[in-house]
Amino acid sequence: MCGIVGYIGHDNAKELLLKGLEKLEYRGYDSAGIALTNDEGTEVFKEKGRIADLRKVADDNDFDGTLGIGHTRWATHGVPNHENSHPHQSASKRYTLVHNGVIENYEELRAEYLSDVNFLSETDTEIVVQLIEHFANEGLDTETAFTKVVSMLEGSYALGLLDDQDNDTIYVAKNKSPLLIGVGDDFNVIASDALAMLPVTNEYKEIHDHEIVIVKRDSVVIKDQDGNVQDRETYTAEIDAADAEKGVYDHYMLKEIHEQPAVMRRIIQEYQDCEGNLKMDKDIVDDVAAADRIYIIAAGTSYHAGLVGKEFIEKWAGVPTEVHVASEFVYNMPLLSENPLFIYISQSGETADSRAVLVETKKLGHKSLTITNVPGSTLSREADHTLLLHAGPEIAVASTKAYTAQIAVLSILSQIVALEHGREAEVDLLRELAKVTTAIEAIVDDAEKLEDITKEFMDDTRNAFFIGRTIDYNVSLEGALKLKEISYIQAEGFAGGELKHGTIALIEEGTPVVALATQENVNNSIRGNVKEVAARGANTCVISMEGLEKEGDTYVIPQVHELLTPLVSVVATQLIAYYAALHRDLDVDKPRNLAKSVTVE
Ligand code: M6R
């Protein structure tokens, strides 16, 4: 989703901003822009489309500076076009602004203060910059005008403001949307994501909602709403810049699929003590073990990981667990148990839908645990506890290694809570996760075979179905999501037994149906479902597991513990989705309309 970068120092800001925006491309966007300020004033360059298009326009112009802000926009208010792209400017062009998030009261503010001003864009952002100029024209200095306007905004925002009468300041504020201040030697930066500015600095300061930050070349001053200066330590972003590169792979998604065995090993290492036992922060275990019911809140792929997590928590730890789509839960909260614990699963830790639930459950006084890949992310900072995925940066929009990491961490949490409840360990989990690692390795090594399977089943279709029963049903949902989001094949996941209650009407000659068959207790039933669709002309692709395979199965995964099969079978579906998109010549890592980090509700 939208991304912000800013630089104030002594180097060429144009190049640094463009490079920073390139690093944010993975978040998803449909237009981009930068603004530079020097002694002559401020110049804005913006373009619909890719950063490469913006770079052409910016490079064709000699205007440069050592101070600037940049933005990638994922359209919400107004179509993706030049006018709606950021940065936006005030009527006189004195002020220039980039904004992430949604200003909910922009129409009211416009009606009250600026009904006579001609707006150039359809965005909710323009009100902010026009209003700052309005108050500056009434005599307020820029910091006071900025602070006043920020206090009037409702909704979510991360803001970076330039004043062309002052080429030594970027004004910054945030509420709900992520924004960091990166600090350097005689320069400072702003970024929605530390990855964007990692080549320049790995030292960052967090800013809190409603704070105002005055960023100059040699200082960063953070103030609360009442103007009191806040002390804030810097922290080092522990990201290896090389992890954020594609390396030898053609796409980040392929790289991230291949990284899954290494991620499994890292998780095993991080959650193991020197005696080879599972380990986890005692406070987390105590809080989870004390809950009478667990509510898992997540979106998309993370929601699918939560569905698998529920199986471990209920079966191993014996705690009743509900899994909810964040965007629904916030408007329709079910009756809660007496002592609930909320688990927020989010690769990015920034998903606004999940954060909205966290805000509500905190108000109700309920304990929370975030499982995320991004230390210091909003959901991590705001929850009582965090468990990290240790998956390394996930850049491709389609989530792969985060899904398997989420499931692995949930399995470890469940086992530790089971032990805390005095239950016998049902499995030697570390040993089973090691087997899973080897099994994932075998599948990624088999990529060519999965590419052939993709050619046979997916290359000439407009739609596809994934079916499974029990835990395989959860994987069928994820397999379908992965395929649809990057190949644009209309794909749906169904419980095998549910098809005949309606959806089977859609099966016609050649419709691909991918059936997951990794569970012994439903092996015969899912195979019955395969026969039902085959009898109606479906092109059936059966992914089964060693020990349960039958003649004619399309792909057989190595044998692993029955509850851990999603960690392995999903990898086959990830590769099928990858090759389906590749064979259609699509942008695998940046599918249309999607954003990596969904920071608006
Ligand atoms: O960062 P999060 O895990 O909270 O993101 C949630 C979803 O937006 C995300 O999983 C999305 O469904 C992926 N693009 C799926 O591949």
What pairs come out if I take residues in the stretch 300-312 that are farther than 11 Å from residue 371 by Cα and among the polar types (S, T, N, Q) and pair them with residues that are open to solvent by 10 Å² or more (accessible area, probe 1.4 Å) and within 8 Å of the ligand (Cβ to nearest atom) whose C-beta lies under 8 Å away, six or more apart or interchain? 301/347; 301/399; 301/481
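In this structure, does residue 215 turn out to be in contact with a helix residue (DSSP H, G or I) (Cβ under 9 Å, 6 or more places away or on another chain) and surrounded by 20 or more Cβ atoms within 10 Å (Cβ to Cβ)?
On the way: in contact with a helix residue (DSSP H, G or I) (Cβ under 9 Å, 6 or more places away or on another chain): no; surrounded by 20 or more Cβ atoms within 10 Å (Cβ to Cβ): yes.
In short, no.
Test residue 59 against the criterion of being modelled with pLDDT of 90 or more, more than 19 Å from residue 30 (Cβ to Cβ) and under 32 Å from the mean Cα position of the chain (by Cα), and give yes or no. Steps first, answer last, please.
Values: modelled with pLDDT of 90 or more: yes; more than 19 Å from residue 30 (Cβ to Cβ): yes; under 32 Å from the mean Cα position of the chain (by Cα): yes.
Yes.
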Return the residues of the stretch 336-349 that are within 16 Å of the ligand (Cβ to nearest atom) and either open to solvent by less than 10 Å² (accessible area, probe 1.4 Å) or out of contact with any strand residue (DSSP E or B) (no Cβ under 9 Å at 6 or more places or on another chain) (or both); say none if nothing qualifies. 342, 343, 344, 345, 346, 349
Lone unmet requirement of (1) out of contact with any Asp or Glu (no Cβ under 9 Å at 6 or more places or on another chain); (2) within 24 Å of residue 188 (Cβ to Cβ); (3) not in a helix (DSSP H, G or I) for residue 19: (3)
For the stretch 159-212: of the residues being open to solvent by 10 Å² or more (accessible area, probe 1.4 Å) and among the aromatic types (Phe, Trp, Tyr), which is farthest from residue 65 (Cα to Cα)? 171
Which one is most open to solvent (accessible area, probe 1.4 Å) among residues in the stretch 353-380 that are within 9 Å of the ligand (Cβ to nearest atom) and farther than 16 Å from residue 391 by Cβ? 353
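Could you identify the single residue in 474, 463 that is polar (S, T, N, Q) and within 16 Å of the ligand (Cβ to nearest atom)? Quick ask: steps written out before the conclusion?
Working: 463 fails: within 16 Å of the ligand (Cβ to nearest atom).
After applying the criteria, what remains is 474.
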Result of the Cβ filter at 9 Å on the stretch 93-116, keeping first residues that are without any contact (Cβ under 8 Å) to a residue 12 or more places away in the chain and partners that are aliphatic (A, V, I, L, M) and open to solvent by less than 50 Å² (accessible area, probe 1.4 Å), at least 6 apart or interchain, is 107/127
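In this structure, does residue 131 turn out to be over 27 Å from residue 193 (Cβ atoms) and either buried (at least 20 other Cβ atoms within 10 Å of the Cβ) or in contact with a strand residue (DSSP E or B) (Cβ under 9 Å, 6 or more places away or on another chain) (or both)? Steps first, please.
Values: over 27 Å from residue 193 (Cβ atoms): yes; either buried (at least 20 other Cβ atoms within 10 Å of the Cβ) or in contact with a strand residue (DSSP E or B) (Cβ under 9 Å, 6 or more places away or on another chain) (or both): yes.
Judged against the criteria, residue 131 is a match.
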Would you be able to tell me the number of residues in the stretch 551-586 that are within 14 Å of the ligand (Cβ to nearest atom) and either open to solvent by 50 Å² or more (accessible area, probe 1.4 Å) or in contact with a Pro (Cβ under 8 Å, 6 or more places away or on another chain) (or both)? 1
Those residues that are of a type in the set (A, V, I, L, M, F, W, C), touching a Pro at 6+ places or on another chain (Cβ under 8 Å) and in a strand (DSSP E or B), I need them from the stretch 340-398; list them, please. 388
Output the residue which, of all residues in the stretch 289-311 that are in a helix (DSSP H, G or I) and hydrophobic (A, V, I, L, M, F, W, C), is farthest from residue 565 (Cα to Cα). 290
Can you work out which of the residues in the stretch 480-494 that are over 17 Å from the mean Cα position of the chain (by Cα) and within 14 Å of residue 253 (Cβ to Cβ) is surrounded by the fewest Cβ atoms within 10 Å (Cβ to Cβ)? 487
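The values are calculated or read from the model by the stated rules, or taken from the named source; none is laboratory data. Bear in mind that the values here come from a model prediction, so they are computed numbers and not experimental data. No Cβ is skipped: glycine too gets one built from the backbone with ideal geometry, and neighbour counts run over all protein chains shown. Ligands, DNA and RNA are excluded from the accessible area calculation, which covers all protein heavy atoms including side chains. Shrake-Rupley method; radii C 1.70, N 1.55, O 1.52, S 1.80 Å.
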